[in-house]
Amino acid sequence: MDLLKTIMVAVVSIVSSMFSTGVRLLRLPRSVALAARSLGSASATFNLPTIRQELEKFQGGSVELELDEQSGIAVMTLNNPKRLNALTGKMMVDMADHINSLERWTAGKGLVLVGTSGNFCSGGDLTFVRKALHYGEEMAAFQHNTLTRLLNLPLVSVALLQGHALGGGAELSTACDFRVMSSSARIGFVQIKMGVTTGWGATTRLVRLFGRQKALALLTSARVFSAEEAATEGLVDHVLSYALQHEEELAECKKWLASNYCCHDTDLSRAVKSSVVYSDLSRELVESLANERRVFGQFWGGPAQKAALDAKIKHK
Ligand SMILES: CCC(=O)SCCNC(=O)CCNC(=O)[C@H](O)C(C)(C)COP(=O)(O)OP(=O)(O)OC[C@H]1O[C@@H](n2cnc3c(N)ncnc32)[C@H](O)[C@@H]1OP(=O)(O)O
């Protein structure tokens, strides 16, 4: 317990020093998260509560959170099944609120991020996207904050990829520590085909996960991978051996997480994850996300994106 406290204090001290220099992205305890009312970069400052109010106007779908006190494994479910769990503004806000709850959940050691009804997420909800073409950098700032806090939770997280994980859906999966894939699922960073760059932080995370060459290949090719191909490329950590029903695959995924990475003492497990996060709290991460946001803002709402939206592309 002392070790965990020491690490948390050190992390808070680093995060606080980032706040004092105007860099307000990273998170840890609720008290610090509450202090992070705005997210700043060298060139722009974003007011997260104001962005939140704006995003809430784009209703549709929900994100649910279930905490299992006994196993210490939480399940966060994307729920917009008619649109293959594409994310609306309201769902982004729900997710941010659930990350707040998970930051306070001291009994937890694991998290599964999943979509309902056998699909992970088909990216940004294109109905929402069409109405939010004026709001790219702000949305990106909100998502960067939420997904960095997800990545930095003291829980070992896994994305269960079923059905489609496309565009923003593929980005969400990179905010988890591990990826488990259903044998029939597909994953692709298809943003470039939609006339945009990554808006939810995946470029920064892909470079860190797989190195710059593979990140560049994934993002410029927009290739959509089967589970077998994704495993060969090292994009996913485990492929479920045969396709099961949604609930059975979720149970399998929880079992995989519990038996591999959540099988030791809770305090120690959280301390290990916090140490990993600590080693990753670099200014370079924050600056990379700020750059990613700026680049994204240059294309969001631009002619290439509008043409792609008009073309009603299916990423088969
Ligand atoms: C933030 C930046 C990004 O995320 S860029 C990536 C944005 N996402 C996309 O471009 C995905 C577009 N959708 C597709 O390619 C196809 O729907 C895929 C996922 C391949 C599934 O094809 P298929 O199995 O034939 O199903 P379908 O097209 O009939 O879809 C079922 C219903 O879901 C909808 N849907 C799907 N994706 C989205 C989305 N991202 N936003 C809003 N709605 C979406 C489809 O329109 C379809 O709805 P409906 O039944 O026609 O009313």
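The values are calculated or read from the model by the stated rules, or taken from the named source; none is laboratory data. Predicted model only: the values in this text are computed from it and were never measured. Ideal geometry is used to build each Cβ from the backbone, glycine not excepted, and the neighbour counts take in all protein chains shown. Protein only, heavy atoms only, side chains kept; ligands, DNA and RNA dropped before computing areas. Shrake-Rupley method; radii C 1.70, N 1.55, O 1.52, S 1.80 Å.
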task: Quick one: in region 51-63, of everything that is in contact (Cβ under 8 Å) with a residue 40 or more places away in the chain and of a type in the set (D, E, K, R), which residue is farthest from R130 (Cα to Cα)?
output: R52
- prompt: On the given criteria, is F58 surrounded by 21 or more Cβ atoms within 10 Å (Cβ to Cβ), outside any loop (DSSP other than H, G, I, E, B), at pLDDT 95 or above and touching a helix residue (DSSP H, G or I) at 6+ places or on another chain (Cβ under 6 Å)?
  reply: no
field: Residue tally, condition farther than 17 Å from T45 by Cα and touching a residue at least 60 places away in the same chain (Cβ under 8 Å), over region 109-147
entry: 21
message: If I filter region 260-271 for residues that are closer than 26 Å to F296 by Cβ and either at pLDDT 95 or above or part of a helix (DSSP H, G or I) (or both), do I get at least one hit?
response: no
message: Which numbered condition in (1) in a loop (DSSP other than H, G, I, E, B); (2) within 16 Å of the ligand (Cβ to nearest atom) is the only one that I187 fails?
response: (1)
field: G136 vs. criteria surrounded by fewer than 24 Cβ atoms within 10 Å (Cβ to Cβ) and on the phi > 0 side of the Ramachandran plot
entry: no
field: Of residues in region 278-316 being of a type in the set (G, A, S) and either open to solvent by 50 Å² or more (accessible area, probe 1.4 Å) or within 14 Å of the ligand (Cβ to nearest atom) (or both), the one farthest from A141 (Cα to Cα)
entry: A311
task: Report those strands (runs of 3 or more DSSP E) wholly inside region 62-128 carrying at least 3 residues which are among the hydroxyl-bearing types (S, T, Y), surrounded by 22 or more Cβ atoms within 10 Å (Cβ to Cβ) and within 11 Å of the ligand (Cβ to nearest atom).
output: none
- prompt: Can you name every residue in region 190-207 that is away from the ligand (no atom under 11 Å from the Cβ) and either open to solvent by less than 10 Å² (accessible area, probe 1.4 Å) or of a type outside the set (S, T, N, Q) (or both)?
  reply: G201, T204, R205, L206, V207
Tally of residues being more than 10 Å from the ligand (Cβ to nearest atom) and closer than 23 Å to L48 by Cβ across region 152-178: 8
- prompt: If you check every pair at least six apart or on different chains, which have Cβ atoms under 8 Å apart with a residue in region 169-198 that is touching a residue at least 12 places away in the same chain (Cβ under 8 Å) and among the charged types (D, E, K, R) first and a residue that is near the ligand (Cβ under 9 Å from one of its atoms) and assigned to a strand (DSSP E or B) second?
  reply: R186/H164; R186/L166; R186/V224
message: Among the residues of region 252-273, are any under 21 Å from the mean Cα position of the chain (by Cα), open to solvent by 30 Å² or more (accessible area, probe 1.4 Å) and of a type in the set (V, I, T)?
response: yes
- request: Take the residues in region 209-247 that are part of a helix (DSSP H, G or I) and β-branched (V, I, T), then tell me which one is least open to solvent (accessible area, probe 1.4 Å).
  value: T220
field: Condition met for R149 (open to solvent by 10 Å² or more (accessible area, probe 1.4 Å), more than 12 Å from the ligand (Cβ to nearest atom), of a type in the set (D, E, K, R) and under 29 Å from A251 (Cβ atoms))
entry: yes
